[in-house]
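J.: Quick one: the structure is below, questions incoming.
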Amino acid sequence: MDHPERLVNPLLSWWQEREPNQRLGIKFALAALGLLLVIAVFFKPAYQGRQRLEAALPGLRADLALMDGQANEARRLEAQGTLRTPQGDALRDALAASLREHGMATKALVTAGRAVRIELHDVAFADWVAWLDEVRTQLHVKVSEAHVSATKPGQVELTATLSPP
């Protein structure tokens with residue numbers, strides 16, 4: 001463990017050889033160097049980060065204002081009831097019109113409370129799934145029950161009950 005002594009002894013003797021005025025100057029120089037090091041390592045990066053945040057703040061405030069406006073618009077639309085799902089006879093009529101538009105003939109279309117039961121024969125399964133996806137998003141209905149059986153390749157016979165969520 002005499003390695004530290006080999007380094008410290010020459011440094012200590014060099015220090016003692018200096019005049020008190022020189023020692024004082026060296027102390028001030030080391031203090032100034034330490035202060036510059038602290039500024040370079042801690043304060044300058046923090047200051048630069050603060051400046052970047054201040055520059056980004058107006059954009060973030062604009063984003064917040066946009067989100068607040070969108071939230072208010074969503075609340076207003078919800079209060080107006082723009083997302084109301086038709087029920088009962090209104091749902092039956094809307095589904096009948098949609099089925100006619102897509103060229104699907106129904107065997108039966110019966111109102112059952114708030115829901116509607118649909119019976120289709122010899123309809124292309126892919127067409128029915130595409131229609132169902134469209135109706136689900138437009139009328140906000142869900143399939144509460146479905147029985148599907150194949151009649152020919154790609155053709156099905158089905159009974160499905162669609163209801164409001």
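The values are calculated or read from the model by the stated rules, or taken from the named source; none is laboratory data. Bear in mind that the values here come from a model prediction, so they are computed numbers and not experimental data. Note that we place each Cβ from the backbone using ideal geometry, even for glycine, and neighbour counts take in every protein chain shown. Note: accessible area is taken over every heavy atom of the protein model, side chains too, but ligands, DNA and RNA are not part of it. Shrake-Rupley method; radii C 1.70, N 1.55, O 1.52, S 1.80 Å.
J.: Please list, ordered by first then second residue, the pairs with beta carbon atoms under 7 Å, 6 or more apart or interchain, first in the range 102-115 and in contact (Cβ under 8 Å) with a residue 40 or more places away in the chain, second part of a loop (DSSP other than H, G, I, E, B) and open to solvent by 80 Å² or more (accessible area, probe 1.4 Å).
T.: Arg114/Gln87
J.: Tell me which residues, restricted to the range 108-160, are more than 20 Å from Gln87 (Cβ to Cβ), among the aliphatic types (A, V, I, L, M) and open to solvent by 40 Å² or more (accessible area, probe 1.4 Å).
T.: Ala126, Val129, Ala130, Val148, Ala150
J.: Follow-up. Please state which of the following conditions Val143 fails to meet, knowing it meets all the rest: (1) touching a helix residue (DSSP H, G or I) at 6+ places or on another chain (Cβ under 9 Å); (2) in contact (Cβ under 8 Å) with a residue 24 or more places away in the chain; (3) within 15 Å of Leu109 (Cα to Cα).
T.: Among (1) touching a helix residue (DSSP H, G or I) at 6+ places or on another chain (Cβ under 9 Å); (2) in contact (Cβ under 8 Å) with a residue 24 or more places away in the chain; (3) within 15 Å of Leu109 (Cα to Cα), Val143 violates only (2).
J.: Could you say which residue among Ala96, Ala90, Ala56 is aliphatic (A, V, I, L, M), open to solvent by less than 100 Å² (accessible area, probe 1.4 Å) and under 25 Å from the mean Cα position of the chain (by Cα)?
T.: Going through Ala96, Ala90, Ala56 in turn, just one is aliphatic (A, V, I, L, M), open to solvent by less than 100 Å² (accessible area, probe 1.4 Å) and under 25 Å from the mean Cα position of the chain (by Cα): Ala56.
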